[in-house]
Amino acid sequence: MFDPFKDFDRAGYLRNLYGEKDPQIVRELEHTLFRTGLDEALAHVAKRRTLGYADFLAVHRILFSAFYPWAGQDRAATVPNIAVSKGNTVFAHPLDARRAVEEGLRIGQDKAALRQHPGEVMGWFAFGHPFLDGNGRTMLIIHSELCHRAGFCIEWQRTRKTEYLAALSAEIASPGQGLLDGYLLSFVGAARERQLWGGAIDGIRGLDGRSIEDAVDGEYTDVRVMQKYQAFEMSRAMSKADRR
């Protein structure tokens with residue numbers, strides 16, 4: 001059980017407002033809230049002239065504040081010394097999460113760059129992994145808006161969850177190699193009117209959150225944890241230096 005606050009028995013999963021502990025109920029509630037807040041979240045990003053990190057936080061807050069009291073707060077605020085991973089993927093240090101997301105936003109707001117590198121943008125968002133839960137759905141809304149502004153969409157309903165997550169993990173581990181670009185570019189379609197997004201996004205397979213669970217590696221003050229993080233970062237740096 002993912003328990004970075006170390007109080008699951010007393011406060012439930014991630015201190016949710018209902019003290020709920022059952023994973024299936026948690027996922028169902030999260031998805032219900034996502035569907036409820038989707039239109040408001042889409043309206044928020046549509047009216048923003050430029051998308052910034054604050055909009056990432058705002059979308060998450062809109063989607064999940066009825067369930068998590070910390071919704072809209074990133075890991076730098078909630079667990080600043082806790083290392084989080086998923087499978088073999090190590091996410092950014094909490095204090096670097098914002099920098100990673102902002103790099104994705106920088107590339108993503110260059111329309112020509114985004115058309116060529118939609119996967120690289122998503123990879124930066126995913127490496128940042130700013131929240132304890134709800135990252136994928138928040139990223140999807142921001143990414144969809146960026147693509148719309150660049151004149152295209154990713155037809156997510158045609159993607160396969162397992163293949164996408166494998167490509168995403170590879171992108172995080174080896175940025176600059178076009179690994180997720182190669183996957184997503186196969187699903188590029190014409191831009192759609194925003195009022196059509198709600199049903200399309202809600203129908204994407206895998207948004208129920210059922211996938212490999214995040215894990216707490218420990219605190220960064222632990223030498224073993226810091227060495228693992230530094231090794232992953234070094235590998236990423238070498239991959240970026242060898243950019244295709």
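Select from the stretch 88-104 the residues that are assigned to a helix (DSSP H, G or I), surrounded by fewer than 18 Cβ atoms within 10 Å (Cβ to Cβ) and touching a residue at least 24 places away in the same chain (Cβ under 8 Å) and list them in ascending order. First the steps, then the outcome.
Just the residues of the stretch 88-104 that are assigned to a helix (DSSP H, G or I), to begin with: 94-104.
Checking the rest, the ones that are also surrounded by fewer than 18 Cβ atoms within 10 Å (Cβ to Cβ) come to 95-96, 99, 102.
Result: D96, R99, E102.
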Of the conditions (1) crowded, with 16+ Cβ neighbours inside 10 Å; (2) at pLDDT 85 or above; (3) β-branched (V, I, T), I201 satisfies every one except a single condition; which number is it? (2)
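On the given criteria, is L185 buried (at least 19 other Cβ atoms within 10 Å of the Cβ) and at pLDDT 95 or above? Steps first, answer last, please.
Working: buried (at least 19 other Cβ atoms within 10 Å of the Cβ): no; at pLDDT 95 or above: yes.
The answer is no for L185.
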I'm told L165 meets every condition in (1) within 19 Å of Q230 (Cα to Cα); (2) modelled with pLDDT under 95 except one. Can you identify the failing condition by its number? (1)
Among the listed residues A83, A71, identify the single one that is crowded, with 20+ Cβ neighbours inside 10 Å, hydrophobic (A, V, I, L, M, F, W, C), in contact with a strand residue (DSSP E or B) (Cβ under 7 Å, 6 or more places away or on another chain) and under 26 Å from N16 (Cβ atoms). A83
D110: passes all of (1) without any contact (Cβ under 8 Å) to a residue 24 or more places away in the chain; (2) buried (at least 19 other Cβ atoms within 10 Å of the Cβ) but (2)
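Give me the helices (runs of 4 or more DSSP H) completely within the stretch 132-202, filtered to those with at least 1 residues that are under 17 Å from V121 (Cα atoms), ordered by residue number.
Ranges flagged: 135-149, 161-173, 179-184.
Restricting the search to the stretch 215-244, which residues are among the hydroxyl-bearing types (S, T, Y) and either exposed (fewer than 11 other Cβ atoms within 10 Å of the Cβ) or assigned to a helix (DSSP H, G or I) (or both)?
Start the filter on the stretch 215-244 by keeping residues that are among the hydroxyl-bearing types (S, T, Y), which leaves 220-221, 229, 235, 239.
Within the stretch 215-244, T221, Y229, S235, S239 qualify.
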G123: touching a residue at least 40 places away in the same chain (Cβ under 8 Å) and either surrounded by fewer than 19 Cβ atoms within 10 Å (Cβ to Cβ) or over 20 Å from A237 (Cα atoms) (or both), yes or no? no
Out of all the residues in the stretch 38-61, is one or more in contact with a helix residue (DSSP H, G or I) (Cβ under 9 Å, 6 or more places away or on another chain), over 28 Å from C153 (Cα atoms) and assigned to a loop (DSSP other than H, G, I, E, B)? no
State the number of residues belonging to the stretch 16-45 that are within 22 Å of E145 (Cα to Cα) and of a type in the set (V, I, T). 3
Result of the Cβ filter at 9 Å on the stretch 55-77, keeping first residues that are farther than 14 Å from R137 by Cα and partners that are among the basic types (K, R) and assigned to a helix (DSSP H, G or I), at least 6 apart or interchain, is Y68/R15; P69/R15; W70/R15; Q73/R61; D74/R98; A76/R98
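Only residues that are part of a helix (DSSP H, G or I) and either hydroxyl-bearing (S, T, Y) or exposed (fewer than 12 other Cβ atoms within 10 Å of the Cβ) (or both): list them for the stretch 7-37, please. Walk me through it before giving the result.
Looking only at the stretch 7-37, we keep the residues that are part of a helix (DSSP H, G or I), and these are 8-11, 13-15, 23-37.
Answer for the stretch 7-37, where residues must be part of a helix (DSSP H, G or I) and either hydroxyl-bearing (S, T, Y) or exposed (fewer than 12 other Cβ atoms within 10 Å of the Cβ) (or both): D9, R10, Y13, Q24, T32, T36.
The values are calculated or read from the model by the stated rules, or taken from the named source; none is laboratory data. In this text, all values refer to a predicted model and were calculated from it rather than measured experimentally. Please note: Cβ atoms are built from the backbone with ideal geometry, for glycine as well, and neighbour counts cover all protein chains shown.
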